[in-house]
Every structure is written in structure tokens, then in C-alpha cells.
Amino acid sequence: MKDSRFIRKHSDRLISRRDAVTQRIVFFFFVVFLQSCYHPTPPEAFEDLKTLQGKWTSTGQTLFNEHWQLVSDTLMTGTGFSLNGKDTVFQERLKIFRTGDNIWYAVQPDPEKEYIFFRLMKSGYRHWTFENPVNDYPAIIIYLLKKDSILETRTTNIRGNKEVIFTFKKSSQ
């Protein structure tokens, strides 16, 4: 008699634990499925890009910073720069803007040169891929917001080679 009560009591616990684990697994895959189905319109994608606002500092060996600010409902401006101590060794001007059904990423690596434009080709939940197939390097720029305070950027040539990855931590709004 005691054995059957013990088995019944513990089997209920095992079943409820198994159900809880199953529910968590189903919920996880449901969230992943929803994120993979998200294909924003250009206005939605630009709204999502606003999460880049603020100051970002790289965490790797190469110290690089990006500062983004919202100028209007269709324009963000930014600066990318690298420091050696307190000296700026590299600086570029950045823009992300929407015109009609297109979103563009523009970079001016030198004040005496024209902007180089990259068109938004793919976007989804917290990731954006900009491309310019006629630019030698980079031809592809990817922004991936891993957490609210962790940003990863990747640059590659058009074949996906010569990948350079920067990981940034948000330092302020």
C-alpha cells in the first residue's frame, strides 16, 4: 500500500516536470518561429533601426565607436571613429535614411570624398543587411542587435569573404 502511494505521488511530480519542460520548449520554438516570420515594411524597418540610437563602444582589440542620433522620422545620422588614447585616428560620417520604399546606409570615410550608399536588402527582428555590390570593400554591412546593449556589425566583400566583426556595448543613449 505504501509503495503504491509513493509511486503515485512521485509519478505526478515527474509528469508535471515533464509538462513544464515541454511547455518551455514549445514556447521557445514559437518565439523563434515568430521572429523568423517578421519581414518589416520599410517604415517598420526604419522604426526598428531607431534602436541603434546612442553611443556604442567596441569591446574587441580594435577600439571603434559609433554614435547614432535620430534627426527625423526618416533620417538618422552618426559618426564612426577610432581612438588611440585621446587622439582620433579615424573618423567617418554615417547616415541611415528612408526614401519611399528604400532604406539606405551611407558612409563618408573621408570629408573630401562622396558618400558611399548601401541599400537595405534584408531586415528582420533586430538585424539589418545593407549591400552595395559595386563597392570593393565592404560590399555588405550587417547590423545585428544581440541584446538591447550588445550590437554586432559585420563587413564583407560581395562573396562574403574578408569578414570583419565588431562587437559593441551601448554606453549611453
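The values are calculated or read from the model by the stated rules, or taken from the named source; none is laboratory data. Note that this is a predicted model, so its numbers are computed, not measured. All Cβ positions, even for glycine, are placed from backbone atoms using ideal geometry, and neighbour counts span all protein chains on display.
Table for the structure above
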{"read-out": "Residue among 80, 60 that alone is modelled with pLDDT of 90 or more and among the small types (Gly, Ala, Ser)", "value": "80"}
{"read-out": "Test result for residue 118, at pLDDT below 95 and not polar (S, T, N, Q)", "value": "no"}
{"read-out": "Of residues in segment 148-165 being under 11 Å from the mean Cα position of the chain (by Cα) and surrounded by 13 or more Cβ atoms within 10 Å (Cβ to Cβ), the one farthest from residue 132 (Cα to Cα)", "value": "150"}
{"read-out": "Criterion: modelled with pLDDT of 90 or more and among the basic types (Lys, Arg) - qualifying residue of 2, 9, 55", "value": "55"}
{"read-out": "Selection within segment 70-80 - part of a strand (DSSP E or B), over 19 Å from the mean Cα position of the chain (by Cα) and surrounded by 10 or more Cβ atoms within 10 Å (Cβ to Cβ)", "value": "71"}
{"read-out": "Filtered residue count, segment 126-147, keeping only those that are of a type outside the set (S, T, N, Q) and surrounded by 15 or more Cβ atoms within 10 Å (Cβ to Cβ)", "value": "13"}
{"read-out": "Subset tally (residues that are farther than 17 Å from residue 149 by Cα and assigned to a helix (DSSP H, G or I)) for segment 40-67", "value": "6"}
